[in-house]
Amino acid sequence: MQQIPTELGILTCLMILAASLWIPYIVGVNSDPADPDSFPRPGDLTQLRPWVHRAHRAHLNLLEQAIPFAILVLLVDRLDGFTTLTYWTAIAFFWLRVIHAAGMISGYARMPIRPIIFSLGWLCCLLMAYAVFAAR
């Protein structure tokens, strides 16, 4: 049985996170005690409770970085270019995105922590892009 490279395993976990991060938003929208049927259609985000609005933003924010990162990982895989750099970059990116989402939804990751975490994720994308160009 062939072992999956760590980068692809991490990418799989990242995609599970991306596919699941809608859950806090939907739970929040549907748990408004003032309106038990509060989701007949998407509402005005500014009228939602702060954590629900942040959950929506966390999901969109993850997609902003996860899609380019995923494509870069798949390109590196296609070029057979996985290295120690891509190994640690994938691990760092995944945990940065988990911390970013948890911090954003909970409200604990405030200025300047949240943009720093996002920027570190962007740096991971740049490192993975470098790996694409550095591959044989």
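All of the numbers you see were taken from the coordinates with simple rules; none came from a lab. Note that the structure is a prediction, hence the values are computed from the model and not measured. All Cβ positions, even for glycine, are placed from backbone atoms using ideal geometry, and neighbour counts span all protein chains on display.
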inquiry  = Give me Met104, Met111, Met1, Met15 sorted ascending by neighbouring Cβ count inside 10 Å, so fewest comes first.
reply    = Met1, Met111, Met15, Met104
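Could you list Phe69, Phe82, Phe133 in order of exposure, starting from the residue whose Cβ has the fewest other Cβ atoms within 10 Å?
Numbers: Phe69 24, Phe82 18, Phe133 10.
Fewest to most other Cβ atoms nearby, the residues stand as Phe133, Phe82, Phe69.
Report relative contact order for the chain in percent, whole number only (criteria: Cα-Cα under 8 Å, sequence separation at least 6).
Relative contact order of the chain: 31 percent.
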Spin-label model distance (nm) - Met111 vs Ser31, 7 Å beyond Cα toward Cβ = 2.9 nm
remark   = Here the alpha-carbon Rg of the chain over 2.2 N^0.38 Å rounds to 1.21
query = If the chain between Gln2 and Ser119 were fully stretched, how many nm would it gain, using 0.36 nm times the residue separation less the Cα-Cα distance?
reply = 38.7 nm
note = To the nearest 20 debye, the range 53-136 has a Cα-centred charge dipole, built from +1 on Lys and Arg Cβ and -1 on Asp and Glu Cβ, of 280 debye
